[in-house]
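Here is the structure we will look at, set down as structure tokens.
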Amino acid sequence: MKLSFRGILFLVTLFYVVRAQDSVVHVLENKIREEVKLASEEPDFLVKESKGCRQKGSDYLQYVKGLVSDARRELKQNNNRRPTTQYSIYDLVFPIAQYLPSWVYPQSIWKQDPITRRRQITKVLRTSPLITRPRATVIRDTASFWTKTSSNLLEHNYTVSTEESFSSLLQSAEDFVTTATDAELMDPLFLTAGYATLEDAVTHFLTNNLEEFNHIIKSINHDFNEIVSLSGELRCSLESIRDDAVEQTKMIRQNLFANQIEKRLRHLSWHIRTELQNLTHELREVSEEDKDTSKFLRKHTADSLRSEIETLNDIKMTLWKSKSIYNHVWQNAHNELVQSPTSYNYWVDVIDEIREAAIILGKSLTKKHQKSQHSKCTCGYKN
């Protein structure tokens with residue numbers, strides 16, 4: 001009996017040992033298959049990586065060849081001489097002055113009026129040495145393109161975004177009025193939360209708009225600084241143009257918001273709160289059975305507030321018109337940089353240059369004549 005029991009126990013143990021071995025073998029087979037699969041995929045991965053590296057190497061080689069070609073072209077144009085970097089004291093002062101108080105380097109020291117800087121730019125481009133004139137022309141052309149991109153940022157990015165946010169704010173105010181004057185939805189807690197939400201929405205609109213405007217101005221100034229970093233004799237004139245354009249842009253926005261948008265939005269928020277509070281007091285004096293009077297008061301208040309909200313729609317037209325005002329400012333900056341023979345100022349400058357040249361020539365001839373008179377001998381005697 002003991003032998004048969006031991007035999008059965010041995011067979012059972014042997015059975016589980018065999019099963020365990022089969023399980024281990026199965027796991028090992030799966031791992032081997034995965035390793036074989038990864039090994040078969042690795043060459044494809046390496047091939048793709050090598051192709052990518054070859055492509056990057058080819059692109060970089062083409063880039064280097066392009067740089068060499070540009071360098072050879074530049075040397076050929078300048079008789080195998082590399083143009084010296086043109087810079088002035090202003091290229092050293094302006095980058096430092098922007099981090100200092102305005103009184104350290106006031107505008108009265110360096111800023112030029114529109115006529116002076118317009119003529120200075122033309123003079124530099126006309127009288128600069130041939131080897132450096134292309135560089136000055138590129139700076140002038142890049143700055144003129146900068147005026148266009150700056151105008152587009154203000155017209156299409158900032159102003160459009162302001163219009164959309166303003167329309168959304170007015171719609172939120174109208175939705176609040178509709179809900180607050182509804183008999184079923186009107187509730188003291190809802191009104192209290194609604195007043196705070198509307199006031200926060202107005203503040204959020206004004207704050208975000210100012211932040212967006214400042215971000216765009218910062219971007220405009222950053223792009224300008226990159227362009228004029230080494231502009232030599234052009235630097236002072238270009239800085240004067242930038243300063244006028246940016247300050248006029250800030251003034252337009254300040255007048256628009258300080259005199260119209262902010263005051264009227266604050267008043268709208270206050271007016272909605274006051275009218276709804278008055279409605280609440282009036283409804284308390286009306287009996288619950290008098291449904292008609294209650295309905296009339298709600299409708300009258302809602303219509304009155306909607307009319308008040310609609311009066312702010314004229315601000316949308318003002319915002320739309322501000323696009324042309326911004327464009328006018330930056331178009332003037334562009335015209336100072338690039339003068340057209342069809343413009344009035346172009347011929348005014350030409351006539352003034354001719355007059356100045358005639359005066360200089362006259363003075364030079366007068367000096368030569370006086371010098372020739374003094375050089376004649378006047379000490380001889382007649383016999």
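As a summary of the residue check, Thr85 satisfies the conditions (1) at pLDDT below 85; (2) hydroxyl-bearing (Ser, Thr, Tyr); (3) under 23 Å from Ser231 (Cα atoms); (4) in a helix (DSSP H, G or I) except for the one numbered (4). Within the stretch 246-272, residues that are of a type in the set (Gly, Ala, Ser) reach partners that are surrounded by fewer than 17 Cβ atoms within 10 Å (Cβ to Cβ) and in a helix (DSSP H, G or I) with beta carbons closer than 8 Å, at six or more positions or on different chains, in the pairs Ser269/Glu199. Criterion first (surrounded by 10 or more Cβ atoms within 10 Å (Cβ to Cβ), more than 33 Å from the chain's Cα centre (by Cα) and modelled with pLDDT of 80 or more) does Pro129 satisfy it? Yes, satisfied. Listed conditions (1) within 24 Å of the chain's Cα centre (by Cα); (2) hydrophobic (A, V, I, L, M, F, W, C); (3) buried (at least 18 other Cβ atoms within 10 Å of the Cβ) are all met by Leu198, apart from (1). Within the option set Val138, Val177, Val160, being of a type in the set (A, V, I, L, M, F, W, C), farther than 20 Å from Ile241 by Cα and free of Cβ contacts under 8 Å to residues at least 40 places away in the same chain holds for one residue only, Val160. The criterion of being surrounded by 14 or more Cβ atoms within 10 Å (Cβ to Cβ), of a type outside the set (A, V, I, L, M, F, W, C) and closer than 22 Å to Ser307 by Cα does not hold for Glu239.
The values are calculated or read from the model by the stated rules, or taken from the named source; none is laboratory data. Predicted model only: the values in this text are computed from it and were never measured. So basically every Cβ, Gly included, is an ideal-geometry build from the backbone, and we count neighbours across all protein chains shown.
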